[in-house]
Amino acid sequence: MEVLNIINANGERYFGCQIPPKSPHIEIIKMMPKRWWNRELKIWLVPYGSESWQLLGDKFGIQNLIVDKQEKRVNIELYAVKENNKNIGNIDGVKSQTKQPKESVDLPESHKIAIIKMEEQLILNRYQQNTRKNYLCSFTTFVCYYMDKEIANLGIEDIRKFLLYKINVDSISENTQKSLICAIKFYYEKVQGREKFCLYDLRPRMPVQLPDFISKEETIKLLSATENLKHKTILRLIYSAGIRLGEVTNLKIKDLRFDDNLIFVKGGKGKKDRLTLFSKKVQILMKEYFESYKPKYWVFEGQTGGKYSDRSVQNVLRKAVQKSCINEDTTVHTLRHSFATHLVLNGVDLRQVQEYLGHSSLETTSIYTHITDKMKSETKNPIEDLDI
């Protein structure tokens, strides 16, 4: 990691840490007691001094720090890292009203070490970046609740007390409660090496929710709403293959198997590979897209190279939803649910749908039968027999 010697317009000095995007080091520097993100320079700023240098050395290893000793004078305003007490760990660049960085929560040293060890173990176990971020966010919330206690000495009753507080005071959802439990279990079982926790009595009773989907008529409206060739190809590919947001942006040209009418989805959710449908209609559109845009490696690339961002795909869908005037709550994942629902309605075997979606359990896929059974039902409504 390259470390710059930054001096701002007010004469204040900082270490400027340049970290590549999506590097695991980003999660580590977020655990520094004082650190700020600067949008203009696109670097992390740390107060200059021996204490900060020692912390950087401890977290990243002195041998990994490449120091540029030349002073870099810049006319910048600092952007504080806003710490949300209900969700510590989330980063939100907010301009400081006083033009001074806002102090982050100063955790006890033992808590910082626990978080760092948690991060290291998640990396060693090869958890995906989003999962690591969610686990660290949940665990940090937990350790901040017990600022005056040693995390290593906490037990099940302490976890119960913490969860009750989050439910009663912060009104967390069932999914948030489940995420907190998973992160806490991971720390005590994988990092500390304790025996498996029996936390089933602390797990929430999850609501039974049917997946959102749109009708075939709404799907036609949505997929016809954009004239842009690239955007049209993206939306039609997502629906016709039932792939997730991250899977479409991670698709490589070599993953498209035109001869077999299949798409190879590599490293999907749970790091599972699978094959899914590659529509002949979409293949024709894809070839036209290739001729026009000439991507080199990723199927969908940004304007300056590299893969297309998740946010860009979401924006494409949002504009299409607005233009087509369908349900405004439609998301990229709604297209995946619609793909599965329409397959089941067409009589495709549930196990085949399971393979296309990449579900580990048939029980997960069977949720679509609840929708389709109701849609196929010809049960006569009793009110039809009333003479009213």
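Structure notes:
- Residues in segment 133-181 that are touching a Leu at 6+ places or on another chain (Cβ under 7 Å), of a type in the set (S, T, N, Q) and surrounded by fewer than 19 Cβ atoms within 10 Å (Cβ to Cβ): Gln177 alone.
- Members of segment 320-335 that are more than 17 Å from the chain's Cα centre (by Cα) and at pLDDT 90 or above: Ala320, Val321, Gln322, Lys323, Ser324, Cys325, Ile326, Thr330, Leu335
- Test for Tyr297: is it within 23 Å of Thr226 (Cβ to Cβ), touching a residue at least 40 places away in the same chain (Cβ under 8 Å) and out of contact with any Pro (no Cβ under 7 Å at 6 or more places or on another chain): no
- The set of residues in segment 348-371 being surrounded by fewer than 15 Cβ atoms within 10 Å (Cβ to Cβ), in contact with a helix residue (DSSP H, G or I) (Cβ under 7 Å, 6 or more places away or on another chain) and either part of a loop (DSSP other than H, G, I, E, B) or outside the structural domain of Val248 (by TED's automatic domain parsing) (or both) consists of Ser360, Ser366.
- Matching option when the condition is surrounded by 16 or more Cβ atoms within 10 Å (Cβ to Cβ), in contact with a helix residue (DSSP H, G or I) (Cβ under 6 Å, 6 or more places away or on another chain) and modelled with pLDDT of 75 or more, among Trp37, Trp44: Trp44
- Taken as a whole, the condition of being in the same structural domain as Leu345 (by TED's automatic domain parsing), loosely packed, with under 13 Cβ neighbours inside 10 Å and of a type in the set (Gly, Ala, Ser) applies to Ser292.
- Residues located in segment 15-34, provided they are at pLDDT 80 or above and touching a helix residue (DSSP H, G or I) at 6+ places or on another chain (Cβ under 9 Å): Phe15, Cys17, Ile19
- In segment 295-319, the residues that are in contact with a Ser or Thr (Cβ under 9 Å, 6 or more places away or on another chain), in a loop (DSSP other than H, G, I, E, B), modelled with pLDDT under 95 and not polar (S, T, N, Q): Gly302, Tyr308
The values are calculated or read from the model by the stated rules, or taken from the named source; none is laboratory data. Not measured: the values here are computed from a predicted model. Counting neighbours? That spans all protein chains shown, and the Cβs are built from the backbone with ideal geometry, glycine included.
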